[in-house]
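Notes follow the structure.
The values are calculated or read from the model by the stated rules, or taken from the named source; none is laboratory data. Note that the coordinates shown come from a computational prediction; the quantities given were computed from them, not determined experimentally. Note: ideal-geometry Cβ built from the backbone for every residue, glycine included; neighbour counts use all protein chains shown. Protein only, heavy atoms only, side chains kept; ligands, DNA and RNA dropped before computing areas. Shrake-Rupley method; radii C 1.70, N 1.55, O 1.52, S 1.80 Å.
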Amino acid sequence: MKTEDKTLIRALHGETLETPPIWLMRQAGRYLPEYRETRKTAENFLKFCYTPDLAVEVTLQPIRRYDFDASIMFCDILVIPDALGQDVAFREGEGPVLDPIRSVEALRKLNSGGVLDHLAPVFEVLRRLKVELPEDKTLIGFAGSPWTVAIYMIEGRGGTDGETARRWAYQEPETFSEIIDLLVDATIEYLNTQIENGAEVIQLFDSWSGLLAEEPFRRWVIEPTRRIIEGVRAKNVNTPIIGFPRGSGLMAPEFVRKTGVTGISLDANVPLEWARDNIQPLATVQGNLDNQLLVAGGDALDEAVLRIKKTLGGGPFIFNLGHGIVPQTPPENVARIVELIRQP
Ligand code: CP3
């Protein structure tokens, strides 16, 4: 099947589909017993991402089980700091731990020269998926947005409010922009190479954009995203790009207009009718079921899924969650939402 005939691509090109395409952020993950089995065979999480046999296998698992319309390559946003030479580790029960960058000297020790070589296994994963995925599925590549990746690089771990990063950005915007610029350039190269190796859509994850006030949001979220999209379009003009500025609230319409994203992934806080009236006329919308409702299940889940489908399904729309699937999610609840979305 040609890329432009696939459901996800048609929705991103502005078509309103009778049955909206569905995929879920973190659709490969610990809620699936088969993922936990495969995960056991890797020494650590980064090696897991960099072993094509394993990464391809876990990417395909949710497609086999649920027949989603799209497949997101298995990897992580923190492979970029790893490829830049920062120490990155994932600890059991703790999440990512990085050797924090707290000075310009530390920042200038990072080296962007080897990013593509370091990430060669990721491109192999994409090439193999291109062959192994059922032909109607869209292959999604991704990266973290500079602001969100910078937070992890500076704080050195998750679970913060990005306070060190936000202070640095206010106190010394010139040196802070060095880290953002480095990430913009590395991300453009990384994404263009993903596309050359088979990615048909790109999603940019800005999980922590909601921490920023209005002006810094423009400077550290909108502007770097705009530059990345410009850099990707310069080489790959037709590849749709979905932005996920989580927590952007009332800044979302401006984000869409100024960055030029093709689609925007909405978090669960975004009111549906407001999104229909203010965002959907500008871009395809994706979202936005609360990931905890997917854990809870029952009638409340059914009602919320049908309300999202009804409110946003009258325009260009992709069903997804407001944030990634959590490990506590019962696999049968995922099957249920696929059934609800596909029933006439
Ligand atoms: O299926 C998919 O969506 C593709 C794979 C994917 C992962 N991470 C795998 C993963 C994607 C798209 C990501 C993106 C990602 N990674 C984001 C942006 C989206 C979001 O959730 O906000 C962020 C912030 C990260 C950084 C990250 N990676 C954290 C904070 C953690 C620890 C939290 C956790 O869930 O454990 C990770 C680890 C991680 N990345 C896991 C998976 C499946 C779990 C680790 C494991 O299985 O051992």
**Q.** helices (runs of 4 or more DSSP H) wholly inside segment 19-83 that include at least 2 residues being within 10 Å of the ligand (Cβ to nearest atom) and either modelled with pLDDT under 95 or closer than 16 Å to P121 by Cβ (or both)
**A.** 45-49, 52-66
Q. Here are some conditions: (1) within 15 Å of the ligand (Cβ to nearest atom); (2) in contact with a helix residue (DSSP H, G or I) (Cβ under 7 Å, 6 or more places away or on another chain). E132 meets all but one. Which one does it not meet?
A. (1)
Q) So is Q292 open to solvent by 30 Å² or more (accessible area, probe 1.4 Å), assigned to a helix (DSSP H, G or I) and within 16 Å of the ligand (Cβ to nearest atom) or not? A) yes
Q) Restricting attention to segment 84-96, which residues are open to solvent by less than 30 Å² (accessible area, probe 1.4 Å) and more than 8 Å from the ligand (Cβ to nearest atom)? A) L84, Q86, V88
Q: Taking the options P344, P281, P330, P316, name whichever one is modelled with pLDDT under 95 and either away from the ligand (no atom under 16 Å from the Cβ) or under 18 Å from F68 (Cβ atoms) (or both).
A: P344
**Q.** R10, sole failed condition from (1) free of Cβ contacts under 8 Å to residues at least 40 places away in the same chain; (2) open to solvent by less than 60 Å² (accessible area, probe 1.4 Å); (3) more than 11 Å from the ligand (Cβ to nearest atom); (4) of a type in the set (D, E, K, R)
**A.** (2)
(Q) Here is a list: A213, A186. Which entry is within 20 Å of T148 (Cβ to Cβ) and under 19 Å from the mean Cα position of the chain (by Cα)? (A) A186
Q) Which condition number in (1) closer than 19 Å to I22 by Cα; (2) in contact (Cβ under 8 Å) with a residue 12 or more places away in the chain is the one that K258 fails? A) (1)
Q | From the options T160, T239, T187, T225, residue that is farther than 25 Å from K2 by Cα, open to solvent by less than 30 Å² (accessible area, probe 1.4 Å), in contact with an Asp or Glu (Cβ under 8 Å, 6 or more places away or on another chain) and not hydrophobic (A, V, I, L, M, F, W, C) | A | T225
Q) Do you know which of the residues in segment 196-221 that are of a type in the set (A, V, I, L, M, F, W, C) and open to solvent by 20 Å² or more (accessible area, probe 1.4 Å) is nearest to the ligand (Cβ to nearest atom)? A) F205
Q. Name the pairs whose Cβ atoms lie under 7 Å apart, with the first residue in segment 75-103 and under 17 Å from W147 (Cα atoms) and among the polar types (S, T, N, Q), the second open to solvent by 30 Å² or more (accessible area, probe 1.4 Å) and at pLDDT 95 or above, and 6 or more positions between them or separate chains?
A. Q86/D99
Q: Determine which member of the set L133, L107 is farther than 30 Å from D69 by Cα and more than 19 Å from the chain's Cα centre (by Cα).
A: L107
